[in-house]
Each structure stands twice: as C-alpha cells, then as structure tokens.
Amino acid sequence: MRIAVVGIGYVGLVAGACFAEMGNTVACVDVDRRKITLLKKGEIPIYEPGLDELVRKNIREKRLSFTTQLREGIKHSQVILLALPTPPNEDGTADLRHVLAVVEQTGRLIKDYKVIVNKSTVPVGTVARIREIIRSKTRVPFDVVSNPEFLKEGSAVEDFMKPDRIVIGSSSEKAIAVMRQLYEPFIRTGNPFIVMDEASAELTKYAANSLLATRISFMNEIASLAESVGADVDKVRIGIGSDPRIGKSFLFPGVGYGGSCFPKDVKALIKIGERMGQDFKILKAVEEVNNRQKRSLIPKIKRHFAHSVEGKTFAIWGLAFKPKTNDIREAPSIVIIQELLKLGAKIQAHDPAAMPEAKKVFGTKIKLCATPYEALRRADALIIVTEWNEFREPDYEEMKEIMRGLVIFDGRNILNVQQLRSKGFAYYGVGRR
C-alpha cells in the first residue's frame, strides 16, 4: 500500500517507519526543511529507542522517503495519515491550525479516492469538520477516518508494532476495509480491531489519557496522605495493585506527570466539557494535584536546609519527563529547577538523552554535566527527577567521596531507603516512611 504521513514528530515518524517495515511505500511530509534534510541522511531528530535503525533500514530499501512538498507526498498515496501537532491554546483548547491548514491543501490536491486518516489528538467533531472542508474543495470521492494513537514515548516502536488495540472511527465500509488491510500485519495475534463512530473514537483518546493522568494524581494524593499518617505508599501501591479490578499500571507516585500528551489532553477534555455545559470537576482536581506535585519536593528541601538554600548546589538526575525519551515538555524537572534558581540555588544536572533540549530551556542558568557523577561533584544534595535505569543502583561510596552533603531527594522512589541510610545518607522520598 502507498501511504503519505503528514507531520513528522513522534507519532508521524514512528508510524511512517513501522508501516514501511511491513512492506508499504511511505512518503513522510513536513514543512521543517532542516528536519527533512536530516531524515534523508538517516539522522533522527528525536530520541526513541529502536527508531533510528528502523528509519535507516527502510530508507536503504527505498520504502521510506521524506519531502517538504505535500503535493509530492500525497500524489500516489492511497492513505493520507495526518499526524500534526495540536498544542494547547492559552485557554487550554486544542490548537487545530496545523491540521486544518493541511486539510485545506489536501482538499485542493487530491485527484482520486483517498482515505484521510486523522491520528492527531483533536476535539470531538474534528473529523466531521475535516470532511466538510475537503468536500468544499473537491468533488473527488474520499473518506475521513479517526484513528487515535496510543503510543508511549520511550516504547513507541514496540507499541506500534504490537498494539494493545486499534481504534477506527468511521461509518464507511470501504474506508474500514482499507484500514483493516493496513493494520492486519500488526494484529495477527488477535489484538482487537475496534470500529466505532468518529466522535467516539475522538473521545476515546482523550478519555484514555485523562484516566491515566487521574490514576497518577490519585496516587500522588495517597502518597501525601501516607506521609501524614506514617504509612508507606509503596506497600499501599502493591496492596491495591494486586486487585485485578485496579491493576498495577500507573500507580507509582512521584513528582507529577509531564510530556506532550497528559497535560494537554486533560486541559482539552476540560474545555470540551465546558463547551458542552459540563463542569469536569474530577479532571480539574487532577490538574491541580499535578501542578502541586511538581513542587512537592521544594518544601522538603527547604525544611532540610533550615529554609535557606541560597548558595547551595543541587545535583539533578533526570530532565526528561520520563525515561527513554529526550522530551522535556511540561517536565517536573523544569518546575523544580526554576523554583530552586529563584531561591538562589545552583544547579548541576545530567540526563542520558535530554541535555540538548534542556540547554534550549535553561541556557547557561544551570550547569549541564556529561555524567551523573560529574553532576554530584561538591553538591549539597541530589534530586532524582526521572527514573532512568542507570540511576537505580548508584555507587554510594563514590557519591560519599564527591558530594559535599549526603542527602537525597528521590522524586521517583527508585532507591532503597534502608541501604541509603546504612551508608549515612539522609533520604526523602514520595509517600515513603
């Protein structure tokens, strides 16, 4: 099958590479000339495990190509995937400018039947709006399908190749047949191919991300209560996660969620509710808890240092919003670092993947270090913000030699409390006794 993917961010590039891997011919389109130039050379502008070799392999085998020209990309395609950004407006609503601009151009350019697939996260009713726009530009037959993505940054290639489910929003039997053929190689083990109406598919994406965000904020509230009553949130997590009605996923407390999806989608769903006259009180609380949680280590830090951190040096381990990505959008690390800088502290930070992105945000305000231990040199304390695996078993003896103060603020509860204290470290976690 011939496929055009318009918008080459996380979703678009992963989708393009994975569809090409299954033997399809994929043309990827993006207006960013620098990005396209890099990709043509096999250089990947994002950090995503396994993606670089997948892209390079399919470029070599001439199944994957890149262009800045929409006309060229969609000319011979049977399926056009829209994977464009929908960032939040100032009021929290989804900004559809990029999607609608491409849709208008597409309507003018198509010459034969196409299935236009929206993979961008968009408000309910957007597929209907896309259909109206294209219909106003052409008399060529076409179908518009909602196909929300459920990829996790850091495991996006694995998620795409082995999806939990495929959700298709369409009332067109012809379009559904095309989508079934497109995804058949990915669901051979029997994972569900779920067909529903377009509005339900659009709402499914927002509902899924908002429910996961709700679980995180709920556990962070439980962690706060655990600290107050002398309980251990890790034991509570295991106790409730063993209930099959609840499950074990997304029950880890920490310093809040970030990234490009959860914060944006929670805000957008609140706004969709407001538009329909519904006050989404649960999600407003989820957002409020998360904003507070990003600052939850600051009071502990201030108390430990007798309410003055001016001139103190803090090592930060982890800048990305989660491990296995270089994405620092809405990351708790940004809030924590900004708060400490305001208080007059100095920051020495390390992240295995997100250093270039952090430099764009902080410039020379913080010191970016090549290794975790370089960040610890003469530090008064260590703050762990992202749960990268390489931070889980540090060399405590080396840490004691190079740190000025032996105190750790573990924002992801990845270290062994008893082991740390036996080594002479003061330890502060999230909801831990």
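The values are calculated or read from the model by the stated rules, or taken from the named source; none is laboratory data. The structure presented is a predicted model; accordingly, all values stated were derived computationally and were not measured. Note that we place each Cβ from the backbone using ideal geometry, even for glycine, and neighbour counts take in every protein chain shown.
Numerical summary
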| item | result |
| --- | --- |
| Scope the stretch 276-291; condition without any contact (Cβ under 8 Å) to a residue 12 or more places away in the chain and either in a helix (DSSP H, G or I) or in the same structural domain as VAL124 (by TED's automatic domain parsing) (or both); matching residues | LYS281, GLU288 |
| ARG108 being surrounded by fewer than 23 Cβ atoms within 10 Å (Cβ to Cβ), over 28 Å from PRO323 (Cβ atoms), of a type in the set (Lys, Arg) and free of Cβ contacts under 8 Å to residues at least 12 places away in the same chain | no |
| Number of the exception - GLY125 against (1) of a type in the set (Gly, Ala, Ser); (2) surrounded by fewer than 20 Cβ atoms within 10 Å (Cβ to Cβ); (3) modelled with pLDDT of 95 or more | (3) |
| Hey, ILE216 touching a Phe, Trp or Tyr at 6+ places or on another chain (Cβ under 6 Å), farther than 30 Å from GLN78 by Cβ and of a type in the set (Val, Ile, Thr) or not | yes |
| Pair list, Cβ under 6 Å, 6 or more apart: the stretch 208-226 residue at pLDDT 95 or above, other residue buried (at least 17 other Cβ atoms within 10 Å of the Cβ) and among the polar types (S, T, N, Q) | SER217/ASN290; ASN220/GLN293 |
| Residue ranges of helices (runs of 4 or more DSSP H) in the stretch 1-115 with at least 1 members under 26 Å from the mean Cα position of the chain (by Cα) and at pLDDT 95 or above | 10-21, 33-40, 51-60, 97-109 |
| Residue check for PRO332: in contact with a Lys or Arg (Cβ under 6 Å, 6 or more places away or on another chain) and not assigned by TED's automatic domain parsing to the domain that holds GLY50 | yes |
| Helices (runs of 4 or more DSSP H) contained in the stretch 307-423 and holding at least 3 residues of a type in the set (A, V, I, L, M, F, W, C) | 332-342, 355-362 |
| Test: residue in the stretch 271-289 that is surrounded by 18 or more Cβ atoms within 10 Å (Cβ to Cβ), under 21 Å from LEU382 (Cα atoms), under 20 Å from the mean Cα position of the chain (by Cα) and not acidic (Asp, Glu) | no |
